[in-house]
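Beneath this line is the structure, given in structure tokens, with notes to follow.
The values are calculated or read from the model by the stated rules, or taken from the named source; none is laboratory data. Keep in mind the model is a prediction, meaning the values are calculated, not measured. All Cβ positions, even for glycine, are placed from backbone atoms using ideal geometry, and neighbour counts span all protein chains on display. Only protein heavy atoms, including side chains, enter the accessible area calculation; ligands, DNA and RNA are left aside. Shrake-Rupley method; radii C 1.70, N 1.55, O 1.52, S 1.80 Å.
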Amino acid sequence: MTVEQIDQANTAVRVAQGNFDEAQAALAQSQAQLAQSILRQQEADSAAAESQAKLGQAIHTIDTVDTLMSERPGKAAKVDSARLDLERCRVVAPFNAYVTNMNISVGEYARPGTPLFTLIDTRTWWVVANYRESKVKNIGIGAHVDVYLMGHPDRRFNGVVESIGYGVFPADGNVSGGLPNIDRTLNWVHLSTRFPVRVRVKDPDPDLFRIGATAVTVVR
């Protein structure tokens, strides 16, 4: 082998070594790029999994909100009912009155529909006077009436006739089989029938007037 051939062979070896080194460098670079791509793929998969989890959580939240929204009217109705029951725990009289016939004490249970006491309205008072049928013809609506209480005969109150009764239940007027049942026994003395005359007191004294008290009326 000549010197020229040896030089050519050495040159070829150096070229091959350079190509090998370049291939090694390119392989290393490719491996680094592959590792970086795998890392990015893993990061992308992790982000996708996190997004999927957030999507599932959002769907669950939407379902929960829909459920709560569907339950809201019923719960709002319960709140309104409880508020109404609370307001009804405090009962206010619609007018000034006296409390009577009270049969409950503090701490006792108040049952719905069971009367606890009676309110006597003190704003307006009436006197019902029973006048004989022979006197009713002389009484007119709006006539002035002097009213005296038996418990306080020294006080005179002013009244006015508001109504006159047009019917009372007769003592011998029981109906039997559609026909009046008249007693065959007739007394010689017949008492005149009395008709109720309703008198409204114009200047009552709530401290003196009581339901069921006795009064005397004089129609002027």
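Could you please report the charge total around Leu149, scoring K, R as +1 and D, E as -1 over all other residues with beta-carbon less than 14 angstrom from its beta-carbon?
Taking every Cβ under 14 Å from that of Leu149, the sum is -2.
Would you tell me the accessible area of Phe95, worked out with a 1.4 angstrom probe on the heavy atoms of the protein chains, in Å² to the nearest 10?
Phe95 has an accessible surface of roughly 60 Å² with all protein chains in place.
If Lys and Arg each add +1 and Asp and Glu each add -1, what is the summed charge of the other residues whose beta carbon sits under 15 Å from the beta carbon of Val161?
Neighbourhood net charge equals +4.
May I ask you to evaluate 6.51 cos²θ - 1.76 cosθ + 1.60, the Karplus curve with θ = phi - 60°, for each residue of the range 138-155 and list the ³J(HN,Hα) values in order in whole Hz, giving x for glycine and proline?
8, 10, x, 4, x, 5, 6, 9, 8, 10, 10, 8, 5, x, 9, x, 7, 9
Can you pull the one-decimal nm distance between simple spin-label points at Gln52 and Ser81, each 7 Å off the Cα toward Cβ?
4.6 nm
Taking the highest mean first, how do the peptides 153-162, 55-64 order by number of other beta carbon atoms within 10 angstrom per residue?
Highest mean packing first, the order is 153-162, 55-64.
How much length is gained on full extension from Tyr98 to Glu43, taking 0.36 nm per residue of separation minus their Cα-Cα distance?
The Tyr98-Glu43 span can extend by a further 11.4 nm.
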